[in-house]
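Below is one structure, written out as structure tokens; comments come after it.
Every number here is computed from the coordinates shown, using simple stated rules; none is lab data. The structure presented is a predicted model; accordingly, all values stated were derived computationally and were not measured. Cβ placement follows ideal geometry from the backbone for every residue including glycine, while neighbour counts extend to all protein chains displayed.
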């Protein structure tokens, strides 16, 4: 569907929207009915924008490096401590933020939470969230949502989510 052959994509009429952040913004704007978007100019909005981009722009990189280098066996040994340190830095940051907030933008769920759930689910499923209580609580809270469970039922098997 997309010229780069990438996923995820959403087809909306003749429009093809690619990139997770762009899809989230599009769906909130076109179908959100005012939900999931904090008031522009507010602290919550600034957190929303930050975490909407941070999820894929920063948080995913060390997870992906860990996954890719796992295929290299001993050849990855020199990179392992650097990747682990980088993951710890990110998870410490996320944990600290979630300890003081119900959701990533503040007290109300936003598109930032939809973006941030994936890196945290992936990390949890690979045992990377041990000791990160707020991160684990966030994943469990999001995965227990009826809308999340309905999406899993409609979307099929998902390695990082609960079995439905």
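Key figures for this structure:
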{"quantity": "Percent RCO, i.e. relative contact order, over the chain, from Cα pairs under 8 Å lying at least 6 residues apart", "calculated": "20 percent"}
{"quantity": "Highest-fluctuation residue, 45, 68, 103 considered, GNM on the chain with Cα pairs under 10 Å", "calculated": "68"}
{"quantity": "Linear extension gain, residue 74 paired with residue 89, 0.36 nm per residue minus alpha-carbon span", "calculated": "3.0 nm"}
{"quantity": "Which labelled figure in (1) -0.44, -0.49, -0.54; (2) -0.28, -0.34, -0.41; (3) -0.33, -0.41, -0.50 is log10 I(q)/I(0) by the Debye sum over Cα atoms at q = 0.09, 0.10, 0.11 Å⁻¹, once derived from the coordinates", "calculated": "(3)"}
{"quantity": "The chain: calculated mean residue ellipticity at 222 nm from DSSP helix runs of at least 4, using -39500 (n - 2.57)", "calculated": "-17500 deg cm²/dmol"}
{"quantity": "Length gained when the stretch residue 158-residue 10 is fully extended (0.36 nm per residue, less Cα-Cα span)", "calculated": "51.5 nm"}
{"quantity": "Linear extension gain, residue 39 paired with residue 108, 0.36 nm per residue minus alpha-carbon span", "calculated": "23.7 nm"}
{"quantity": "Residue 96-residue 126 pseudo-label distance in nm [points 7 Å out on the Cα-to-Cβ vector]", "calculated": "2.3 nm"}
{"quantity": "Residue of 18, 122, 44 that the Gaussian network model of the chain assigns the largest fluctuation, springs spanning Cα pairs under 10 Å", "calculated": "18"}
{"quantity": "Simple spin-label estimate for residue 151 and residue 133 in nanometres, 7 Å along Cα-Cβ", "calculated": "2.7 nm"}
